[in-house]
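Scroll down for the structure; my scribbles are underneath it.
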Amino acid sequence: MISINKHYADLKDSYLFYNIGQKVKAYQEENPDAHLYRMGIGDVSLPLCDAVIEALHGAVEEQAAKESFHGYMPECGAPFLREAIAGYYGERGIVLSLEEVFVSSGASDELGDILDLFDRESTALVIEPAYPAYVDANVMVGRNIIHLASGRENGFLPDPDEGIAADILYICSPNNPTGAVFDRKKLQAWVDYANRKGAVILFDAAYEAFIEDPALPHSIFELEGARTCAIEICSLSKTAGFTGTRLGYTVVPTELERDGMNLHDMWVRNRTTKTNGVSYIIQKGGAAIFTSEGQRQIRENIQVYKNNAKVLMEALDSLGIWYCGGKNAPYIWMKCPGEMTSWEFFDYLLREIQVVGTPGEGFGACGEGYFRLSTFGDPQDTIEAAKRLTALLAGK
Ligand code: PLP
């Protein structure tokens, strides 16, 4: 009899977005004319920038002629894109060799696949509230998970705990859902801890492009000692609107070794076995992001989201509501008024002002009492949502 991976039965239903969808659907059925202000979405609302579109078109044309056609791409990424990404790191003083940059189809794929490098008996530590995929990818293989709660007392940026023994450490900075960003000192403490304990940090830098404070690190490789303890997983989804186009990259330093094995070499072996590379067309589109014109254009789009953040932050400031994020991240993590639970607050906003956000409880138990507002929405809707929030919550 075939034996199936029963750990799938241990997965909690991904009820967060399902529940939101159900509640929104029910509301719309009862109120068919109501316009909803969607501040819950994690998807972008602006299209790809012109430089990317032009490069995509050019690559499509190349595929039409025998002389310029490309078949299989190198599994770990086309040299032109690996070079462009290494150059991007170089601008921040981080020296990467081409072979340390792996082109991917996005961060989600990598966050799941990278776990192939670790034994099932190892332990994963997830700082919560967290992007739900970290926990679920480990539950699927039956790995032991330590849920490290964070809270307002530490700005949702906890320090490592010497008493905890974990092998795989998830750090997401800027964080989804809290928008909190580790400063150098706090991140250095995690790097030192990982090196001391022989652990490996999986650093999720999906939102690095939203950092505006020059003192904050965009990459874990800005920190001393990170090359011997960290893997960085990055995405072009939010940076450049590639959520549907799919492109990202992962950095695995050649020095990263554990248990007598070299993780970089293992990852090369993994990719060359399990993938056949990302499409030439998409990689050409991606390379355009790293040109000076591409950078200028994507920054313009990011600025639109940052203006949304400003509008929402001003509303919360005027109401005296505690929040973090927003400035260096596309998410705002606000305290629900009074003793309201995050789902009560969700229902209240939907019913009273037709604003849809994301209840904090869906990102881990310690997210209860908090609420995530996304800044990826439509600017006019965001302005109206902020007005409605202000009118509703004044005096609450
Ligand atoms: N990591 C975090 C923290 C995210 O919030 C997301 C998407 O929302 C991802 C990774 C996945 O990104 P991608 O679209 O590249 O798969």
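The values are calculated or read from the model by the stated rules, or taken from the named source; none is laboratory data. This one's a predicted model, so the numbers in the text were calculated from it and none came from an experiment. Positions of Cβ are backbone-derived with ideal geometry, glycine not excepted, and every protein chain shown enters the neighbour counts. For accessibility, only protein heavy atoms count, side chains too; no ligands or nucleic acids. Shrake-Rupley method; radii C 1.70, N 1.55, O 1.52, S 1.80 Å.
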**OP:** Determine, yes or no, whether D159 is touching a helix residue (DSSP H, G or I) at 6+ places or on another chain (Cβ under 6 Å) and open to solvent by 60 Å² or more (accessible area, probe 1.4 Å).
**Re:** yes
**OP:** Inspect region 315-328 for any residue being modelled with pLDDT of 95 or more, more than 25 Å from G42 (Cβ to Cβ) and not in a loop (DSSP other than H, G, I, E, B) and give the result as yes or no.
**Re:** yes
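Here's the yes/no breakdown for (1) within 20 Å of I171 (Cβ to Cβ); (2) assigned to a helix (DSSP H, G or I); (3) modelled with pLDDT of 95 or more:
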{"site": "A209", "(1), (2), (3)": "yes, yes, yes"}
{"site": "P217", "(1), (2), (3)": "yes, no, yes"}
{"site": "E224", "(1), (2), (3)": "yes, no, yes"}
{"site": "I231", "(1), (2), (3)": "yes, no, yes"}
{"site": "G294", "(1), (2), (3)": "no, yes, yes"}
**OP:** Could you list all residues from region 89-110 that are within 19 Å of G294 (Cα to Cα) and away from the ligand (no atom under 16 Å from the Cβ)?
**Re:** Y89, G90, E91, R92
Original post:
Would a scan of region 67-75 turn up a residue that is open to solvent by 30 Å² or more (accessible area, probe 1.4 Å) and assigned to a helix (DSSP H, G or I)?
Top reply: no
Original post:
From the set of residues in region 162-180 that are of a type outside the set (A, V, I, L, M) and over 21 Å from A137 (Cα atoms), which is most open to solvent (accessible area, probe 1.4 Å)?
Top reply: E162
**OP:** Determine whether region 303-313 contains at least one residue that is open to solvent by 50 Å² or more (accessible area, probe 1.4 Å), at pLDDT 95 or above, within 19 Å of the chain's Cα centre (by Cα) and away from the ligand (no atom under 16 Å from the Cβ).
**Re:** yes
Original post:
In region 233-242, which residues are within 23 Å of S97 (Cα to Cα) and outside any helix (DSSP H, G or I)?
Top reply: I233, C234, S235, L236
**OP:** Please state which one of I298, I321 is closer than 30 Å to P79 by Cβ, crowded, with 16+ Cβ neighbours inside 10 Å and not assigned by TED's automatic domain parsing to the domain that holds E212.
**Re:** I298
Original post:
What number of residues in region 132-174 are out of contact with any Leu (no Cβ under 8 Å at 6 or more places or on another chain) and within 13 Å of the ligand (Cβ to nearest atom)?
Top reply: 3
Subject >> Residue list for region 370-387, filter: open to solvent by less than 10 Å² (accessible area, probe 1.4 Å) and out of contact with any Phe, Trp or Tyr (no Cβ under 8 Å at 6 or more places or on another chain) >> reply: A386
**OP:** Go through V191, V135 for me and flag whichever is open to solvent by 10 Å² or more (accessible area, probe 1.4 Å) and of a type in the set (A, V, I, L, M).
**Re:** V135
Subject >> Among (1) farther than 30 Å from D136 by Cα; (2) out of contact with any Phe, Trp or Tyr (no Cβ under 9 Å at 6 or more places or on another chain); (3) open to solvent by less than 30 Å² (accessible area, probe 1.4 Å); (4) β-branched (V, I, T), the one test that V60 misses >> reply: (3)
Original post:
Filtering region 243-260 down to residues that are in a loop (DSSP other than H, G, I, E, B) and within 20 Å of N176 (Cβ to Cβ), which residue is least open to solvent (accessible area, probe 1.4 Å)?
Top reply: L247
**OP:** Return a yes/no flag: does region 261-270 have any residue that is of a type in the set (K, R) and free of Cβ contacts under 8 Å to residues at least 60 places away in the same chain.
**Re:** yes
**OP:** Go through region 111-127 and count every residue that is of a type outside the set (G, A, S) and either within 13 Å of the ligand (Cβ to nearest atom) or open to solvent by less than 10 Å² (accessible area, probe 1.4 Å) (or both).
**Re:** 6
Subject >> For A215: the one exception among (1) under 28 Å from R120 (Cα atoms); (2) among the hydrophobic types (A, V, I, L, M, F, W, C); (3) out of contact with any Pro (no Cβ under 7 Å at 6 or more places or on another chain) >> reply: (1)
